[in-house]
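Everything on this sheet refers to the single structure shown next.
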Amino acid sequence: MKNIIQVKNISFHYPDKPLLFDNLTLDVHEGEWLAIIGQNGSGKSTLARLIDGLIVLDKGQIIVDGLTVNDQNIFDIRNKIGIVFQNPEDQFVGATVEDDVAFGLENRQVEREKMHEIVKKSLMDVSMLDFRNRIPANLSGGQKQRVAIAGIVALSPKIIILDEATSMLDPRGRNEILDLVYQIKKDNQLTVISITHDIDEAANADRVVILNEGRIIDEETPENIFQNTGQLQSVGLDSPYTSQLLAALKHRGIKPQRSYLNDEELIAWIKQLISKK
Amino acid sequence: MDKAVNFEKVTHTYQVDTPFSQNALENVSFTIQSGSFTAIIGHTGSGKSTLVQHINALLKPTDGTVSVFDRIITPKTTNKNLKQLRKKVGMVFQFPEKQLFEETVIKDIMFGPLNYGATEEEARKSAVNAMKLVGLSANFSDSSPFDLSGGQMRRVAIAGVLAMNPEILILDEPTAGLDPRGHKEIMDLARHLHDHNHMTIILVTHQMDDVVDYASNVVVMDQGKIVKVGPPKEIFSDPKWVYKMQLDLPSSALFAQKMIDTGIKLKTLPLTIDELADQIVQIAGKEGKKDE
């Protein structure tokens, strides 16, 4: 499998702060959905900013789609990566939804005709075409994130980074955005990195990385990560709902064989218990 | 119990007399008892934030009356003399840490009391108390609030509100963006302020698990109207209605619903993990023990 991002032995610290990353290495496979989970302050968002060249490494190297992140390549790299931030308010620049989506294209001097076409298609992709003349400030949180995603889709990146992009949304809005990104990923064969502390969001990833105090402490499929509920707790993350229910049952004297089952497996097991009675 | 808050036929119209005129609240009447823990839920745009901003007169009704203890706010109320009311009603907005601005934590927390006429000494005393309440070590007093973690910054911001000794505390999505540990700390703080300091807590939230874990009273809003008021058990008893309101069930009810869909029979819809685990033990017996 090709690695679309290679983070090689990097070190980084913020001014007047201790070393956050000390010789960190991580590969992101092309076409995967990678979830990076960890507490606030674990370094998740910093890593995303380093990959996008928004801040500069102390040591080591980051390669994005064959290009080393440095001053010369920075614009080419940013063309490959779209980041959706936590708070869409912080990223709106256009007076209307349409203007906002067009902003990145204008910066790249796309001709007017073509720009109209791309903006229209991007807004259609996120089901926001009807809102094209609205003022972004008057949209709901979920709608704002859709517009932010349209702005990214318009630039046809290869990688989308969701930096806590759903943490301000209600559960329904969160699921809608995740479904949308999933669809866009599939249609355009993108790589998605989702930075989150929502364990349910991580459950849908192909691979999960746990970051704690700047160190990768585990790198596995969601199923294997969730087996180890002790580890999740020790780094201040929740266990998936089914693990919590299993723990409550264990406490009442009913012991399961495994510490993680998904919804269907757990229900099947409960049915088995009932039929044995 | 005394009434802490009472809304009597309150309507609030944004941009009155313009073509954009829009009723954000429509003929809303309800009561919050003193010392209660009330959750206000409703999908985005249903009027929750508009509703709570009337409680400390940040917004005034276009029509109707809001009473907070013995203070009455009508459309004619002027902005004079609202200080006493605003001191009694502490409001923690979403992402309150964005409002931090002082050089040190203690100065930031003292700002409110000083603004309300406390002496330097009184303000410092209130601030020290508030820091204790939110579980911030005194060592942080002279740190810059901007050197703290997200969860700590939020606690400084909440301490700034608590330093004014409010009787009512309004929390508008207080845990948005926090990690699970930070989330639990803030919610447990709300519970502590309710149980030990007898504060009236009003929580605006999208998180149904918090509603069942912390609140005893729930107000459901839809399109600027209050559509249901009652204990969590009653509010979530009808899943179809909950979905119609574009809300979700708490995680345990959601999981129980999945069990029911596969043909498992449950007596009632459980709202918490403990309720669900108890029911499973009841129907399955302890046979599972032998299943090792």
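Where a number appears in this text, it was derived from the coordinates with a stated rule and is not lab data. Bear in mind that the values here come from a model prediction, so they are computed numbers and not experimental data. Cβ coordinates were reconstructed from backbone atoms using ideal geometry, including for glycine residues, and neighbour counts include every protein chain displayed.
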Next item on the list: With +1 on each Lys and Arg Cβ and -1 on each Asp and Glu Cβ, and nothing else charged, work out how big the dipole of chain A is about its Cα centre, in Debye to the nearest 20.
Entry: 760 debye
Next item on the list: Would you be so kind as to identify which of B:N56, B:V28, B:L169 lies farthest towards the positive end of the dipole of chain B, taking Lys and Arg as +1 and Asp and Glu as -1 on Cβ and the Cα centre as origin?
Entry: B:V28
Item checked: Which of B:L203, A:I5, B:I106, positive extreme of dipole for the protein assembly as shown (C-beta unit charges) -> B:L203
Item checked: Anisotropy class of region A:1-73 from Cα gyration tensor, a/c 1.5 cut -> oblate
Next item on the list: Taking the Cβ of B:T104 as the centre, find all other residues whose Cβ is under 11 Å away and add up their charges (Lys, Arg: +1; Asp, Glu: -1).
Entry: -4
Note to self: Please compute the contact order of region A:3-239 in relative form: average sequence separation of alpha-carbon pairs under 8 Å and at least six residues apart, divided by the residue count, as a percent.
What the structure shows: 27 percent
Next item on the list: Please sort B:159-170, B:138-149, B:23-34 by packing, taking for each peptide the average over its residues of neighbouring beta carbons within 10 angstrom, highest first.
Entry: B:159-170, B:23-34, B:138-149
Next item on the list: Starting from the coordinates of the alpha-carbon atoms of region B:250-291, obtain the Kirkwood hydrodynamic radius over all distinct pairs and give the value in Å to one decimal.
Entry: 10.6 Å
Next item on the list: Set Lys and Arg Cβ to +1 and Asp and Glu Cβ to -1, take the dipole of region B:250-291 about its Cα centre, and tell me which of B:T262, B:P250, B:I273 lies farthest positive.
Entry: B:T262
Check: Going highest first, how would you order A:224-231, A:29-36 by mean Cβ packing within 10 Å?
Finding: A:29-36, A:224-231
Checklist line | Gyration tensor verdict on chain B (Cα atoms; rounded if a/c is under 1.5, prolate if a/b is larger than b/c, oblate otherwise) | finding: oblate
Item checked: Segment B:L82-B:Q94, length gained on full extension (0.36 nm per residue, minus Cα span) -> 2.1 nm
Next item on the list: Please report, in debye to the nearest 20, how large the charge dipole of chain B is about its Cα centre when each Lys and Arg carries +1 at its beta carbon and each Asp and Glu carries -1 there.
Entry: 640 debye
Note to self: Given contacts defined as C-alpha pairs under 8 Å and at least six residues apart, what's the relative contact order of region A:129-277, whole-number percent?
What the structure shows: 14 percent
Notebook entry, point to check: What share of the DSSP beta bridges in region A:94-218 is antiparallel, in percent to the nearest 5?
Noted result: 40 percent
Next item on the list: Report relative contact order for chain B in percent, whole number only (criteria: Cα-Cα under 8 Å, sequence separation at least 6).
Entry: 21 percent
Check: How big is the charge dipole of the protein assembly as shown about its Cα centre, in debye rounded to the nearest 20, if each Lys and Arg gets +1 on its Cβ and each Asp and Glu gets -1 on its Cβ?
Finding: 1280 debye
Check: Is the shape of chain A best called rounded, prolate or oblate, per the rule: a/c under 1.5 gives rounded, else a/b larger than b/c gives prolate, else oblate, with a ≥ b ≥ c the square roots of the Cα gyration tensor eigenvalues?
Finding: oblate
